[in-house]
Amino acid sequence: MSDYFSRLPNFKYTNLLNEIGVDSKIQVKNIFRRAKLREDIFEKISYFDKYLIVGDERPDQIANKIYGDPNLDWVVLISNNILNYQSEWPIPQKVYNAYLLEKYGSYEKLYSVHHYESKRVFNSRNETIFPAGLIVSENHKVEFYDKDLDVLVSISNAAKPISNYIYEERIQDEKRSIFILKPEYLNIILDDMEEIMTYKKGSSEYISGTLKDTEDLFEK
């Protein structure tokens, strides 16, 4: 079983229906048991490949492409420490424009200025005096003395506007660049998953490696 949900262990939970003839407890999946990559795995960049999400690709589609199993979508997600798919994965194109209009209210606001960024300013030797891409004011100005030309250079239009649309596009582009665990290291993650999801002996709640008890909410 490679899908994430089937790997979750169970625990006994008080049956809130509490009907006559119904067991006082039912077995439910322990959704609080969360898989994660070990720190030493995260630190080994050689275990991963960079991957650029194409179009509206979903984690299950990428898992099927890389590992031959769409149920390993959870490996794609935990490899990038993604906890919230809705907010941390690129928005599908078919709903992207609607999302932007809902967020900004109109095309006018969508294409209005979000912030200003610096332009690269350089001297006669093509040496950077002020880098590009820093958030600056609309009236950002750069002055410097160019030794080779023996002049004081003043650049008054050293800022460029970045619209809300460009700002949002950059966010989506950042989300499209992810890491993929190389297939040859997949068994390490699967073994770790089994270890994380297995209950250990030593407490009164322990029943088995896949089941534990909890306190009865109605017990007096």
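Looking at ARG58, ARG125, just one residue is among the basic types (Lys, Arg) and exposed (fewer than 13 other Cβ atoms within 10 Å of the Cβ), and that residue is ARG125. Total residues in region 84-120 satisfying the condition of being within 30 Å of GLU39 (Cα to Cα) and touching a residue at least 12 places away in the same chain (Cβ under 8 Å): the figure is 5.
Might you let me know whether region 114-126 holds any residue that is under 15 Å from the mean Cα position of the chain (by Cα) and either aliphatic (A, V, I, L, M) or outside the structural domain of GLU184 (by TED's automatic domain parsing) (or both)? No, that holds for no residue. The residues listed here are GLU168, GLU138; of these, the one that is at pLDDT 95 or above, over 30 Å from GLU43 (Cβ atoms), surrounded by 11 or more Cβ atoms within 10 Å (Cβ to Cβ) and of a type in the set (Asp, Glu) is GLU168. All of (1) of a type in the set (D, E, K, R); (2) modelled with pLDDT under 95; (3) exposed (fewer than 12 other Cβ atoms within 10 Å of the Cβ) hold for ASP150 with one exception: (2).
From the list LEU190, LEU186, the one residue that fits, being buried (at least 16 other Cβ atoms within 10 Å of the Cβ), modelled with pLDDT under 95 and in the same structural domain as ASP40 (by TED's automatic domain parsing), is LEU186. Per the listing GLU88, GLU143, the residue uniquely within 30 Å of GLU57 (Cβ to Cβ) and surrounded by 10 or more Cβ atoms within 10 Å (Cβ to Cβ) is GLU88. When LEU186 is tested against (1) outside any loop (DSSP other than H, G, I, E, B); (2) farther than 29 Å from GLU88 by Cβ, only condition (2) is not met. Taking region 150-170 as the search range and keeping residues that are among the β-branched types (Val, Ile, Thr) and in contact (Cβ under 8 Å) with a residue 12 or more places away in the chain, which one is nearest to LEU134 (Cα to Cα)? Per the stated criteria, the residue is ILE162.
A quick yes/no check of all residues on (1) of a type outside the set (Val, Ile, Thr); (2) surrounded by fewer than 17 Cβ atoms within 10 Å (Cβ to Cβ); (3) farther than 30 Å from LEU134 by Cα; (4) modelled with pLDDT of 95 or more:
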| position | (1), (2), (3), (4) |
| --- | --- |
| LYS12 | yes, no, yes, no |
| GLY21 | yes, yes, yes, no |
| SER46 | yes, yes, yes, no |
| ALA63 | yes, no, yes, yes |
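Flag not set for PHE179, criterion: surrounded by 10 or more Cβ atoms within 10 Å (Cβ to Cβ), more than 34 Å from the chain's Cα centre (by Cα) and either at positive phi or modelled with pLDDT of 90 or more (or both).
Remark: ASN126 falls outside the filter, which requires a residue to be free of Cβ contacts under 8 Å to residues at least 12 places away in the same chain, in a helix (DSSP H, G or I) and of a type in the set (S, T, N, Q).
Picking from residues in region 97-122 that are of a type in the set (D, E, K, R) and not in a helix (DSSP H, G or I), the one that is surrounded by the most Cβ atoms within 10 Å (Cβ to Cβ) is LYS119. Taking the stated definitions as given, is GLU57 among the charged types (D, E, K, R) and outside the structural domain of LEU181 (by TED's automatic domain parsing)? Judged against the criteria, GLU57 is not a match.
The values are calculated or read from the model by the stated rules, or taken from the named source; none is laboratory data. The model shown is predicted, which means the values in this text are computed figures rather than measured ones. Note that we place each Cβ from the backbone using ideal geometry, even for glycine, and neighbour counts take in every protein chain shown.
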